[in-house]
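Novice: Would you mind keeping the following structure in view while I ask a few things?
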Amino acid sequence: MSEIQHRATAPQRVAVFVLTLSDTRDAASDTSGSAICDALRGAGHDVVGTQILRENPATLGTEMAAVFGLPAVDAVVATGGTGIAPRDLAYDTLAAMYERTLPGFGELFRALSFAAIGSAAMLSRASAGVIGGKIVFSVPGSRGAVQLALDKLILPELAHLVGELRRATRSA
């Protein structure tokens, strides 16, 4: 099947859950999570839930797994926790959960970030992969990083990726 055919069979709407990983943000101050929701809705997708999780090593994996197990969710976009500070646990937690990784997402994100912010881009551990048949994106918590990831990488490919995962499930 050609790329054009793949895209033609992709779903028009994707059900997305938005996670914010932060020890300091709440619903009022979570501007990155809000930006993700606005962009997804603006692109015609459904935001089926949002949650702010504290980066507690004892509970983060279990809390994230509960979201990945929701049957009404096609994709998850997580923001925050991708740096190198001791409390930045998103990458480490997700790396242990990914059934398949999409290394190109992190590579492309860092390349685009380098063009925008220079060498500080190397501090990002943005990642993507598949968990429980769902595509999961993990992006830094800054609003600029969120917008970059959404505009250049996530929104252009979200429906295509979900379509590919559904196709793989149907043919199994």
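The values are calculated or read from the model by the stated rules, or taken from the named source; none is laboratory data. Bear in mind the structure is a predicted one, so any value in this text is a computation, not a measurement. Please note: Cβ atoms are built from the backbone with ideal geometry, for glycine as well, and neighbour counts cover all protein chains shown. SASA here: full protein model, heavy atoms, side chains in, ligands and nucleic acids out. Shrake-Rupley method; radii C 1.70, N 1.55, O 1.52, S 1.80 Å.
Novice: Taking amide H positions as placed 1.01 Å from N in the peptide plane, with prolines and chain starts having none, which residues 5 or more places from Ile52, or on another chain, fall under 5 Å of its amide H?
Specialist: Thr20
Novice: In degrees between 0 and 90, to the nearest 10, how far off the longest principal axis of the chain does helix 155-171 point, with axes built from Cα atoms?
Specialist: Tilt relative to the chain: about 60 degrees.
Novice: Can you bin segment 65-136 into rounded, prolate or oblate? Criterion: square roots of the alpha carbon gyration tensor eigenvalues sorted a ≥ b ≥ c, rounded for a/c under 1.5, prolate for a/b above b/c, oblate for the rest. List each step's numbers first, then the result.
Specialist: Numbers: a/c = 2.44, a/b = 1.74, b/c = 1.41.
Prolate is the answer for segment 65-136, as a/c is 1.5 or above and a/b outweighs b/c.
Novice: Can you give me the accessible area per residue for segment 57-105, using a 1.4 Å probe, in Å²? Numbers along the way, then the final one.
Specialist: Working: 2350 Å² over 49 residues.
With all protein chains present, segment 57-105 gives 48 Å² per residue.
Novice: Related question: Can you tell me the length gained on complete extension of the stretch Ile84 to Leu108, counting 0.36 nm per residue apart and subtracting the Cα distance? Present the calculation step by step, with values, prior to reporting the outcome.
Specialist: On the way: separation 24, 0.36 × 24 = 8.64 nm, distance 1.89 nm.
Gain on extension, Ile84 to Leu108, equals 6.7 nm.
Novice: Follow-up. If the chain were replaced by its equivalent ellipsoid, with semi-axes equal to the square roots of 5 times the Cα gyration tensor eigenvalues, what would those be, largest first, whole Å? Could the numbers behind the result be given before it?
Specialist: Numbers: eigenvalues 114, 67, 50 Å².
Working from the Cα gyration tensor, I get semi-axes of 24, 18, 16 Å.
Novice: How many percent of the accessible area of the chain is carbon or sulfur, using a 1.4 Å probe? Intermediate values should be presented prior to the final figure.
Specialist: Values: 4840 of 8380 Å².
Looking at the chain in its full context, I get 58 percent from C and S.
Novice: Once you've got the GNM for the chain with C-alpha springs shorter than 10 Å, pick whichever of Ala115, Ala15, Ala95 has the biggest mean-square fluctuation.
Specialist: Ala115
Novice: Dipole magnitude of segment 1-110 about its Cα centre, charges +1 at Lys/Arg Cβ and -1 at Asp/Glu Cβ only, in debye to the nearest 20? Please report the intermediate quantities before stating the final value.
Specialist: Details: 8 positive and 13 negative charges, 39 e Å.
Dipole about the Cα centre, nearest 20: 180 debye.
Novice: Further, regarding this structure: Return the single residue from Gly129, Gly42, Gly106 with maximal mean-square fluctuation; model: Gaussian network over the chain, springs between Cα atoms under 10 Å.
Specialist: Judging by the Gaussian network model, the answer is Gly42.
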